[in-house]
Amino acid sequence: MSNFIVVGLCFLFGILIRSKGKFPADSHKVINSFIISVSLPCMEFGPLRHASLDGNFLTFAAMPWVLFGFGFLFFSFFGKLLNWKESTIVCLCLSAGLGNTSFLGIPLIESYYSKEGLPTVLIIDQLGTFLTLAIPGTYLGTKVRHALKSSETKSSLWKTLFTFPPFIALLVSLASRPISVPPELESAISKIGDTLIPLALFSVGYQLPGTIRINSEEPNAENPKRESDDSFRIRVPLLFGLIFKLIIGPILVWLCFGTFFHYSEKNIGENFLRNFKILIMESAMAPMITGSLLAAEWGLSPRLAVSLVGIGIPLSFLTTLGLYYLLENLAWTGTIFFGQ
C-alpha cells in the first residue's frame, strides 16, 4: 500500500510544483539526467549481480522480450499505415512496449498472490524488462536520436550506445558476479538506486502540465505548437499505445506462453499455474516509467511519452483488477492450455 501512496504523492508534488512555478521550467531535464546517469545504474547493480539464472525462470524472463517484439511489430505496422514519425513509433516501443514490472508490479502481485509470487516478479523485471530496455530499447532509441541529427555518423551511434551509463552498469554488474563486493558498498549503491522511482514519478508529474499548455514560444519547448495544433499526432498514438499495453499485449502474451508451456510440457512445480498467471499480470502493467523518461529525454515525442505514463498508471489499476478477476473466476482464462 505504501508504494501506491508514493505513486500518488510524487505525481501530485510534481504537478503542484510545476503549476505553482516554484522550480525553473526545465528542472525536469536535470532530474532526468540524474536518473539516467546515477539512479538507474545504481538500481540495477545489486539485482543483476544476484539474480538467479535458473533455466525455468529464464523462460519467464523472456516475457518482456516477447512483449517488446510484439509491440515493435504492432507499432511499426500501424505507424507506417497512419504515417507516424519514426520517433513516435520508437517512443511507443520504449514506453508501451515495456511494462512497469517492478514498482507497480511488485505491490500489485504481492496484493493478489502474496509474497510467494515475488521471485517470479523479480526475475521478469531484472532479467526481462530491464535487459530489454538496456539492449534493444537503447539501441532503437539511440538510432532514432542520431537519425534526427544529420551530422551524426554511424560510429557515433555505437559510441553513444556503449557509453550510455545504464548500459555500462549492465556490463559491470554482470562481470562482477564472481567478485565479492563489501556489503556496505553494495548497500550504499542500492540506496542511491532507490531514488529512481520517486524522482521518476516526480518528473512525470512535473511534465504533465506542460503537455497540455502550448509553450512553443519558450526555449527548448517540449510541446511545440506544430504538434499541439495537430491532436491527431498525439491522441491516436496515445490511444494505440494504451490499448496495446493494457489489453492486446497481455492477450498475446497469454496465447504465446500458454501455447509454449503446453507443447513443451515445461513447468516449475506445484505453483506453476500461479506463476503463469503472474506472468500474464506482469505483462498487463502500466507503460514503463524509465522507458518513457528516456524517450522524453532523447526528444522522441516527449509529450506522448509523458502522457502514456500519466494516463496509463491510473488506468492500469482498473485493467489489472479486471484481468485478475478473469484469471481467478473464469477457469478457462488461466487453464485452457493445461487441462486443469
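The values are calculated or read from the model by the stated rules, or taken from the named source; none is laboratory data. A quick note: this is a predicted structure, and the numbers were derived from the prediction, not measured. Because the Cβ atoms are built from the backbone with ideal geometry, glycine has one as well, and the counts that use them run over all protein chains shown. Each accessible area value is taken on the protein alone, full model and side chains, heavy atoms only, with ligands, DNA and RNA left out. Shrake-Rupley method; radii C 1.70, N 1.55, O 1.52, S 1.80 Å.
Would you check if residue 96 is touching a Lys or Arg at 6+ places or on another chain (Cβ under 8 Å), of a type outside the set (S, T, N, Q) and within 19 Å of residue 300 (Cα to Cα)?
Values: touching a Lys or Arg at 6+ places or on another chain (Cβ under 8 Å): yes; of a type outside the set (S, T, N, Q): yes; within 19 Å of residue 300 (Cα to Cα): yes.
Considered against the rule, which asks whether it is touching a Lys or Arg at 6+ places or on another chain (Cβ under 8 Å), of a type outside the set (S, T, N, Q) and within 19 Å of residue 300 (Cα to Cα), residue 96 comes out as yes.
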* Given (1) assigned to a helix (DSSP H, G or I); (2) modelled with pLDDT of 80 or more; (3) open to solvent by less than 40 Å² (accessible area, probe 1.4 Å), where does residue 101 come up short, assuming only one miss? -> (1)
* Structure fact -> Out of (1) at pLDDT 85 or above; (2) open to solvent by 20 Å² or more (accessible area, probe 1.4 Å), the one residue 71 does not meet is (2)
* the stretch 112-124 - residue that is free of Cβ contacts under 8 Å to residues at least 60 places away in the same chain and of a type outside the set (A, V, I, L, M, F, W, C) and, of those, farthest from residue 277 (Cα to Cα) -> 115
* Asked: Out of (1) outside any loop (DSSP other than H, G, I, E, B); (2) under 29 Å from residue 257 (Cα atoms); (3) not charged (D, E, K, R), the odd one out for residue 304 is which?
  -> (2)
* To do: Kindly indicate the residue of the stretch 294-310 that is under 14 Å from the mean Cα position of the chain (by Cα) and open to solvent by 10 Å² or more (accessible area, probe 1.4 Å) and also farthest from residue 145 (Cα to Cα) among those meeting that condition.
  => 310
* Asked: What do you reckon, is residue 5 more than 18 Å from the chain's Cα centre (by Cα), of a type in the set (Val, Ile, Thr) and either modelled with pLDDT of 75 or more or surrounded by fewer than 21 Cβ atoms within 10 Å (Cβ to Cβ) (or both)?
  -> yes
